[in-house]
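The values are calculated or read from the model by the stated rules, or taken from the named source; none is laboratory data. Since the model is a prediction, treat every value here as computed from it, not as a measurement. All Cβ positions, even for glycine, are placed from backbone atoms using ideal geometry, and neighbour counts span all protein chains on display.
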Amino acid sequence: MPNKDNLRKKYFLIRKKKYYNVKASFFEPLIKLINKEFKKKLISMSSYYPASYEVNTIRLFETNIISKVKISLPVIVNNNEMYFHEWKKNDVLKINRFGMLEPVLLSKRIVPDVMLVPLLAFDSQNNRLGYGGGFYDRYLNKYLKRHNNILTIGIAFSFQKHHKIPVLNNDVKLNYILTEKGIN
């Protein structure tokens, strides 16, 4: 079985070669799931600001769900912990030390009801191959103990599916994966 670092390199190159921009309709299955799970109550949802050929989650702002959702983005703090802070589409962002965009004006920390999670690859068991920093796994391992109702959804293209992702003890399986083929 290939190790995670080799898989990361492989799927980053695949994503770079096969990337395409998505339309707002890409997120329709996600919106249906959220409406079903949360019955139209106001929820908080973490997203990520897309980089390095990730699915363009900014397209989600073209849908009507945004009026019902408080959006937050991840912020990495000095001890390599990740937290989420509210963000609106036109709010200023800064580049963190990892080259990712994060909010400049920090609100109080938010524990999201729904987390949109970036990934390099996934498998049919909803295991996720991330970028190797462990930020999402550490966050979820910490907060799922207290907030076991966080709905986790990996966002990817279908060509990022791998037959079996190597799993370590601290890896957190996602609830769903959303691709252009739907949600599973």
- Which ones in the range 53-87 are among the polar types (S, T, N, Q) and either touching a Leu at 6+ places or on another chain (Cβ under 6 Å) or under 18 Å from residue 178 (Cα atoms) (or both)? 56, 57, 63
- How many residues does the range 39-59 hold that are touching a strand residue (DSSP E or B) at 6+ places or on another chain (Cβ under 8 Å) and either at pLDDT below 90 or more than 21 Å from residue 159 (Cβ to Cβ) (or both)? 7
- Task: State whether the residues of the range 135-144 include one that is closer than 21 Å to residue 30 by Cα and part of a strand (DSSP E or B).
- Result: no
- Is it fair to say residue 154 is outside any loop (DSSP other than H, G, I, E, B), of a type in the set (Gly, Ala, Ser) and closer than 18 Å to residue 10 by Cβ? yes
- Checked 126, 96, 79 against criteria (surrounded by 13 or more Cβ atoms within 10 Å (Cβ to Cβ) and without any contact (Cβ under 8 Å) to a residue 24 or more places away in the chain); the one match is 96
- Exactly one of 93, 73, 119, 101 is at pLDDT 90 or above and touching a Gly at 6+ places or on another chain (Cβ under 6 Å), and that residue is 119
- Query: Assuming residue 99 fulfils every condition listed in (1) assigned to a strand (DSSP E or B); (2) over 22 Å from residue 179 (Cβ atoms) apart from one, which condition is it?
  - Reply: (1)
- When (1) out of contact with any helix residue (DSSP H, G or I) (no Cβ under 6 Å at 6 or more places or on another chain); (2) not in a helix (DSSP H, G or I) are applied to residue 117, the one that fails is (1)
